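Working notes, beginning with the structure itself.
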Amino acid sequence: MSLLSLLIRARRALAGLVLLAATACTTGPSLENQGEVTAPPGDSKELTIGSAGFTESDLLAQMYALLLERAGYSADIISVTNREIYEPALESGQIDVVPEYAATFADWLNAKANGADAPPVGSPDLAATMKALRALAAPRGLTVLDPGRAVDQNAFAVAASYAKKHNLRTLSDLGRANLPVRLAAGDECVQRPYCAPGLEKTYGIDIVAVDPKGVGTTQAKQAVQNGQDQMVLTTTTDATLDEFGLVLLADDKKLQNADYVVPVVNRARAGSDGVRDALGRLNTVLTTADLASMNEQVDSWRRLPEDVARTYLESKKLIPKG
């Protein structure tokens, strides 16, 4: 690794420590004190992009940085794994841009504004979800840019041999088959409406037990692979299913929420048309399958997120080959 790369990494690590210290005792500016809400959109040329610290978020942050740099901005990336920390930092302008997921972020802001028991506003309807999300984000000085085609939703997979034996392509097929199903998932799946209760209510699937092995973990997939469990909760961008002989069953009745990838920006610093146009270029090309492929390259092939992101954008002619 070059000396320059080491210096960049050290500076970003220091920025992360400063951010953590600055936000440890605050939840961001109060709604009453946010002048950014009515101020014109800002266009700072030096931007900080936040990553939530997992592979897909790192990849999106890297692509955002490259696209912004191509448009004439200077962009640094810091990793802040806790939404309770990075969202207030986004409000205060310590972070300028983050990749988020529409329904999940809408429900998170809704709970923050209206309490943990507030009825959810995220839904399978993308338009309704985006409307609710933007209404919650605007008073906090945040602008939610347009979603593209890429979506990272909960998804359910079974062994390919099991699907072939019972002629399963969709979750409706599994419900009609009247098969007892042990589901490998997180322990919260027992209560969450889009997990076990939703599978039973929407699809009529007989969930006889939830095996608490986590969401999309190696242990959960192995449990389905060896027949201990019949189905695993994972995500639509999980690129390791083939390694375990698993296939996704289509969510044909749209149980899952519209968790499309959306950039969220601090309006006062990064709400300009320049930022919107630069990041919007990704919407024309990025698909769920593309995200899954890039996740695989990082997680299975051990490639660096920045290299995978650059190669992808170059292949789509969104940045010149360097």
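Any chance you could check the Cα centroid distance between segment 216-239 and segment 145-197 for me, in angstrom?
What the calculation gives is 10 Å, centre to centre.
Over the residues of segment 168-322, compute the C-alpha Rg and express it relative to 2.2 N^0.38 Å.
Segment 168-322 yields a ratio of 1.26.
Among 213/316; 112/201; 201/316; 253/317; 254/317; 112/321, which pairs are too far apart, with a Cα-Cα distance over 31 Å?
213/316; 201/316; 253/317; 254/317; 112/321
Peptides 114-124, 236-246: what's the order by average Cβ count within 10 Å, highest mean first?
Answer by packing, highest mean first, reads 236-246, 114-124.
Can you pull the percent of segment 268-308's accessible area that's carbon plus sulfur, 1.4 Å probe, other chains left in place?
Of all accessible area on segment 268-308, carbon and sulfur atoms account for 48 percent.
In deg cm²/dmol, rounded to 500, what helix-only [θ] at 222 nm does the chain give when every DSSP H run of at least 4 residues adds -39500 (n - 2.57) and the total is split over its residues?
Computed ellipticity for the chain at 222 nm equals -12500 deg cm²/dmol.
Return the ratio Rg/(2.2 N^0.38 Å) for segment 126-246, where Rg is computed over Cα atoms only.
It is 1.22.
Report the gain in length on full extension from residue 208 to residue 304: 0.36 nm times residue separation, minus Cα-Cα distance, nm rounded to one decimal.
So the chain would gain 30.5 nm between residue 208 and residue 304.
With a ≥ b ≥ c the root eigenvalues of the C-alpha gyration tensor of segment 225-272, is it rounded (a/c under 1.5), prolate (a/b larger than b/c) or oblate?
prolate
Throw me the Rg/Rh for the chain, computed over C-alpha atoms with Kirkwood Rh, two decimals.
Checking Rg against Rh, the ratio lands at 0.99.
Take the alpha-carbon positions of segment 198-262, form their convex hull, and give its projected area averaged over all directions (one quarter of the hull surface) in nm².
5.0 nm²
Using just the alpha carbons, could you tell me how many Å³ per residue the convex hull of segment 177-229 encloses?
Hull volume over Cα atoms, normalised by residue count, gives 69 Å³.
In nm, to one decimal, how far is the residue 316 label point from the residue 240 one, both placed 7 Å along Cα→Cβ?
Calculated label separation equals 2.5 nm.
Under 15 Å from the Cβ of residue 102, count the other residues' Cβ atoms, weight Lys and Arg +1, Asp and Glu -1, and hand me the total.
Every neighbour counted, the sum reads -3.
Based on the Kirkwood radius over alpha-carbon pairs, what is the Stokes-Einstein translational diffusion coefficient of segment 100-175 at 37 °C with 0.692 mPa s viscosity, in µm²/s?
For the chosen part, D equals 225 µm²/s.
Scan the chain and note any complete DSSP helix (H) whose C-alpha atoms cover at least 18 Å along its axis and whose Kyte-Doolittle average is 0.0 or more.
Within the chain the helices that satisfy the rule are 3-23, 55-70.
Leaving out ligands, DNA and RNA, and with a 1.4 Å probe, what % of the accessible surface on segment 45-93 is carbon or sulfur?
That share works out to 40 percent.
In debye, nearest 20: dipole of segment 85-242 around its Cα centre with unit charges on the Cβ of K, R (+) and D, E (-)?
Using Cβ point charges on Lys, Arg, Asp and Glu, segment 85-242 gives about 460 debye.
Considering the options 297, 227, 111, tell which one lies farthest towards the positive end of the dipole of the chain, charges being +1 on Lys and Arg and -1 on Asp and Glu at the Cβ, about the Cα centre.
After comparing all options, I get 297.
So, counting K/R as plus one and D/E as minus one, what does the shell of residues with Cβ under 12 Å around residue 177 add up to?
+1
Give the value in nm², to one decimal: projected area of the alpha carbon convex hull of segment 81-129, averaged over all directions.
3.9 nm²
Provide the per residue accessible area, probe 1.4 Å, for segment 119-194, rounded to a whole number of square angstrom.
Solvent-accessible surface per residue comes out at 49 Å².
Along Cα→Cβ, 7 Å out, is where each label goes; now give me the distance between the ones at residue 131 and residue 54 in nm to one decimal.
2.9 nm
If I model a spin label as a point 7 Å beyond the Cα along the Cα-Cβ vector, how far apart are those points for residue 166 and residue 188 in nm?
Distance between label points: 2.7 nm.
The values are calculated or read from the model by the stated rules, or taken from the named source; none is laboratory data. From a predicted model like this one, the values you see are computed outputs, not experimental measurements. Counting neighbours? That spans all protein chains shown, and the Cβs are built from the backbone with ideal geometry, glycine included. To get the accessible areas, we keep the full protein, side chains included, count just its heavy atoms, and leave off ligands, DNA and RNA. Shrake-Rupley method; radii C 1.70, N 1.55, O 1.52, S 1.80 Å.
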